[in-house]
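*Asks:* The structure is given below, and queries will be raised subsequently.
The values are calculated or read from the model by the stated rules, or taken from the named source; none is laboratory data. Here the structure is a predicted model, which is why all the values come from computation and not from measurement. Note that we place each Cβ from the backbone using ideal geometry, even for glycine, and neighbour counts take in every protein chain shown.
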Amino acid sequence: MPRALITDLSGTTIGPDERAFLRETEPLGTIFFARNIENPEQLSALSYDFRNAVGRSDAPVMIDQEGGRVARLRPPHWWGGVANGRIAALEGDEAEMAAWLAARIMAHDMARCGINVDCAPCLDLLVEGMHDVIGDRSFGGDPGRVANLGRAACEGFQAGGVQPMIKHMPGHGRVAVDPHDRLPTADVDLATLENQDYLPFRALADAPWGMTAHVIYPALDPERPATQSAIVIEQAIRGAIGFRGVLVSDAIDMEALSGSHEERARLSLEAGCDVVMHCNQPLDVRRRVADSVPELQGAALERVEAAAARRSVPAGDFDRQAALARLDTLLAAPGR
């Protein structure tokens, strides 16, 4: 049985020590970063090699491919996508079509390299005066519009055979600092969270995967960030939002969290995350974390199996060049 862990890889191939680590600890899945990526053939081989090492041909292989400034796959071999903020600048149906097309094109690029889960779309609201860690990664400040564009993006990913992971629950738009550097606080009342920030996530609560926020919400829990707060996960994410998919922690190596990496993993799982994501650390640290993480079991295992059962192959014939041309036309109108 796999462990409740998403790990990363050191480079463009898997060496003997890393292969032994993967075989012995059997993490649920992996996530790719720029250091893992050279070209489509190499990346396809790496996806295959990871799955072979852990002994599961359907193991989740993930990536952050939102489009725009958060995109691991880039030209010349892939299309780098477009920022959600540019899509949100379009009118009504055009914006939804652009969101679908962008996700569908990125899914095409991902699926042909063996990637089957994308850590996107970002459903956080754009809030004036806040840190730009979200910024143009957001579909805007209107919760209903963010939900509609997020739904279009999710459907585009799924049509291309890639499962979406909505993020960052229960809402990351109201922070003044970047959690990669410090632990942020969303200093806002519960009514505002429930009536605004939760809404896009509630509308997409049927997504197969979701990611937590390393953010403290004093209106819910003044002591622990959402990733490590049973209160936030039970009352907000599983409760008010109603999310029933696999709940993955944001990367626990980020500076927003404190304590040893093993302790960070333990607190996240005890709070209610189904799986922890651990990245960008030496192999000995990754092994200690893996050894501290239990095998999937109970409700977490059921949710992982339910997500796996929802995987699909790309739907129908897809003309990538025609889709790119259509998207370019939508984005090229004056003022866009």
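*Asks:* If I filter the stretch 152-187 down to residues being modelled with pLDDT of 95 or more, touching a helix residue (DSSP H, G or I) at 6+ places or on another chain (Cβ under 8 Å) and hydrophobic (A, V, I, L, M, F, W, C), which single residue comes out as surrounded by the fewest Cβ atoms within 10 Å (Cβ to Cβ)?
*Replies:* Ala159
*Asks:* Just one of Ser57, Ser44 is surrounded by fewer than 15 Cβ atoms within 10 Å (Cβ to Cβ) and under 18 Å from His108 (Cα atoms); which is it?
*Replies:* On inspection, the qualifying residue turns out to be Ser44.
*Asks:* Shifting gears a bit: Which residues, counting only those in the stretch 126-151, are under 12 Å from Gly85 (Cβ atoms), out of contact with any Cys (no Cβ under 8 Å at 6 or more places or on another chain), hydrophobic (A, V, I, L, M, F, W, C) and surrounded by fewer than 24 Cβ atoms within 10 Å (Cβ to Cβ)?
*Replies:* Leu126
*Asks:* Continuing with the same structure: Output the residue which, of all residues in the stretch 188-204 that are of a type outside the set (A, V, I, L, M, F, W, C) and closer than 15 Å to Gly245 by Cβ, is surrounded by the most Cβ atoms within 10 Å (Cβ to Cβ).
*Replies:* The residue in question is Pro200.
*Asks:* Determine, yes or no, whether Ser47 is out of contact with any Cys (no Cβ under 8 Å at 6 or more places or on another chain) and not charged (D, E, K, R).
*Replies:* When the stated conditions are applied, Ser47 does not pass them.
*Asks:* Looking at the stretch 135-162, I want the residues that are farther than 19 Å from Met62 by Cα and have a partner that is β-branched (Val, Ile, Thr) and at pLDDT below 95 with Cβ atoms under 8 Å, at least 6 apart or on another chain. Which pairs are those?
*Replies:* That search, which allows pairs on different chains as well, returns Gly141/Val127.
*Asks:* Then there is this: Taking the stated definitions as given, is Gly161 closer than 23 Å to Val304 by Cβ and not in a helix (DSSP H, G or I)?
*Replies:* yes
*Asks:* Moving on to the next point. Given the criterion at pLDDT below 95, surrounded by 22 or more Cβ atoms within 10 Å (Cβ to Cβ) and not polar (S, T, N, Q), identify the matching residue among Gly81, Gly92.
*Replies:* The match here is Gly81.
*Asks:* Which of the residues belonging to the stretch 16-37 are surrounded by 14 or more Cβ atoms within 10 Å (Cβ to Cβ), closer than 21 Å to Ala107 by Cα and either over 16 Å from the mean Cα position of the chain (by Cα) or among the basic types (Lys, Arg) (or both)?
*Replies:* Asn36, Ile37
*Asks:* Here are some conditions: (1) among the aliphatic types (A, V, I, L, M); (2) in contact (Cβ under 8 Å) with a residue 60 or more places away in the chain; (3) closer than 30 Å to Gly141 by Cβ. Ile6 meets all but one. Which one does it not meet?
*Replies:* Against the list (1) among the aliphatic types (A, V, I, L, M); (2) in contact (Cβ under 8 Å) with a residue 60 or more places away in the chain; (3) closer than 30 Å to Gly141 by Cβ, Ile6 comes up short only on (3).
*Asks:* In addition: Which ones in the stretch 164-192 are in contact (Cβ under 8 Å) with a residue 40 or more places away in the chain, out of contact with any strand residue (DSSP E or B) (no Cβ under 7 Å at 6 or more places or on another chain) and aliphatic (A, V, I, L, M)?
*Replies:* The answer is Val175, Ala176, Val177.
*Asks:* Going through Val177, Val162 one at a time, which residue ends up being of a type outside the set (S, T, N, Q), within 30 Å of Ile37 (Cα to Cα) and in contact with an Asp or Glu (Cβ under 7 Å, 6 or more places away or on another chain)?
*Replies:* Matching residue, one of Val177, Val162: Val162.
*Asks:* Counting residues that are out of contact with any Gly (no Cβ under 8 Å at 6 or more places or on another chain) and among the hydroxyl-bearing types (Ser, Thr, Tyr), which helices (runs of 4 or more DSSP H) fully inside the stretch 1-118 reach at least 1? Don't jump to the end; show me each part of the working.
*Replies:* On the way: elements: 16-25, 40-54, 84-88, 92-111.
Output list reads 16-25.
*Asks:* Being within 17 Å of the chain's Cα centre (by Cα) and assigned to a loop (DSSP other than H, G, I, E, B) is the filter here; which residues of the stretch 119-144 pass it?
*Replies:* Those that are within 17 Å of the chain's Cα centre (by Cα) and assigned to a loop (DSSP other than H, G, I, E, B): Cys119, Ala120, Pro121, Leu123, Asp124, Leu125, Val133, Ile134, Ser138, Phe139.
*Asks:* Considering only residues that are more than 22 Å from the chain's Cα centre (by Cα) and among the polar types (S, T, N, Q), look in the stretch 175-221 and name the one that is nearest to Pro60 (Cα to Cα).
*Replies:* Per the criteria, the residue is Asn195.
*Asks:* Within the stretch 278-295, identify whether any single residue is farther than 23 Å from Cys122 by Cβ, part of a strand (DSSP E or B) and either out of contact with any helix residue (DSSP H, G or I) (no Cβ under 9 Å at 6 or more places or on another chain) or at pLDDT 95 or above (or both), and answer yes or no.
*Replies:* yes
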